[in-house]
1. Just check segment 28-96 against the gyration tensor rule for me: Cα atoms, a ≥ b ≥ c as the square roots of the eigenvalues, rounded for a/c under 1.5, and otherwise prolate or oblate depending on whether a/b exceeds b/c.
2. How big is segment 222-313 in terms of Cα radius of gyration and Dmax, in angstroms?
3. Place a +1 charge on the Cβ of each Lys and Arg in segment 124-189 and a -1 charge on the Cβ of each Asp and Glu, then give the dipole magnitude about the Cα centre in debye, rounded to the nearest 20.
4. Roughly to the nearest percent, how much of the accessible area of the chain is carbon and sulfur, given a 1.4 Å probe?
5. What whole-number value in cubic angstrom gives the convex hull volume per residue for the C-alpha atoms of the chain?
6. Counting helices only, and only those DSSP H runs with n ≥ 4, report the 222 nm mean residue ellipticity of the chain as the sum of -39,500 (n - 2.57) divided by its residues, in deg cm²/dmol to the nearest 500.
7. Restricting the count to DSSP beta bridges whose residues both fall in the chain, what percent are antiparallel, rounded to a multiple of 5?
8. Only sites in a loop by DSSP and with at most 16 other Cβ atoms within 10 Å count here; which trypsin sites (Lys or Arg not before Pro) in segment 1-83 make the cut?
Amino acid sequence: MASSPLRLRLDGAALVHNWKTLAAMSGSATCGAAVKADGYGLGAHEVVKRLAAAGCRDFFVAHWSEARALADLGVTLSVLHGVREEDIADRPAGVRPVLNSPEQIARWRQADGGACDVMVDTGMNRLGVSTADVAAGLLEGLQIETLMSHLACADEDSAMNDRQRERFAALAGRTTAKRMSLANSAGIALGSGYHFDLTRPGLALYGGIARAEFATAIRQVVQPEAQVLQRRSVRAGETVGYNATFTAPADTEVAILNIGYADGYLRCFSGKGRARFGGAELPVLGRVSMDLLAIDIAAAPGVAEGDWVSLSYALPETAALTGLSEYELLTALGGRYARLWF
Ligand SMILES: *Cc1c(COP(=O)(O)O)cnc(C)c1O
């Protein structure tokens, strides 16, 4: 198969470094990994392989199809969205649902499902059973591996964090759960009171800086690169791209790259994204197309068809530039990239 004209360079050492850093920050708690949405866009299979080799034992996905795609790796997986009726029959062995509602709990009991995890809502009002239902005995007799809750505001210094932590801590010893787990990436930085037995980072594994505490410790993992498809000379006064939003103020040398919004390089990069070639910085010109991007190559006049150009994608800076979240910047990266781990 011919190689793709766009690729993600993925730093496997940085991924493992980030997990080890988060594991150390988790203190005496075990550190797992959220690998839903195809490992936040990096490719879940390769991510899990690397983290399992580094010692990670607890992996979280959203859907059963995601668990099935990882089954050959023989790791412990939890499915965050729980079980629907249609998931019961052909569920892969050894994968636990995270039960989120009385309905899911009844379904799991009915199926005699065995070991499970349970999500308790402590104030986010997204997924999970209520603490009142737990107190009323909803979980009695369930074989619970991990009792979980999820923080709504861990990336902020909000009073909500403490409120959720207290509600969750009050459940200690009240259920049959072997372990308790509250913290996502940002929650790990809130301190040991948030760590319980198991932490569940996602974003920070992949280089996201969820809070200032991570700024120096967490390393970027992802680097998108695209090949030059064509060079052209644009005369002063001519325009570039859809809707002619860029007008050349002077004769301008332009390269057209094999990347566009269908690859997650969304239209909000129009007129403000940056590419790099050698040491030179090359501004995006005009609108991002579906599969194509124009850049000004004045600073790198030697750029030729077939050359590989890097897109500036440092997560905190790019989030600030575009208004996208670091989560969106990662998960938007599509299926057309060759994913090269080094
Ligand atoms: C996605 C997710 C995580 C990981 O969150 P990050 O903010 O990416 O670290 C942890 N727990 C649950 C329940 C999640 O849905």
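1. prolate
2. 11.8, 37
3. Here segment 124-189 has a charge dipole of around 200 debye.
4. Of all accessible area on the chain, carbon and sulfur atoms account for 50 percent.
5. On the way: hull volume 51.1 nm³, N = 342.
Value for the chain: 149 Å³ per residue.
6. Taking each H run of at least 4 residues, the total per residue is -6000 deg cm²/dmol.
7. Within the chain, antiparallel bridges account for around 50 percent of the total.
8. Qualifying residues, ordered by number: Arg57.
The values are calculated or read from the model by the stated rules, or taken from the named source; none is laboratory data. Treat the numbers as computed from the prediction; the structure is a model and nothing was measured. Using ideal geometry, Cβ is built from the backbone for each residue, glycine included, and neighbour counts are taken over all protein chains shown. Areas reflect the complete protein model, heavy atoms only, side chains present, ligands, DNA and RNA absent. Shrake-Rupley method; radii C 1.70, N 1.55, O 1.52, S 1.80 Å.
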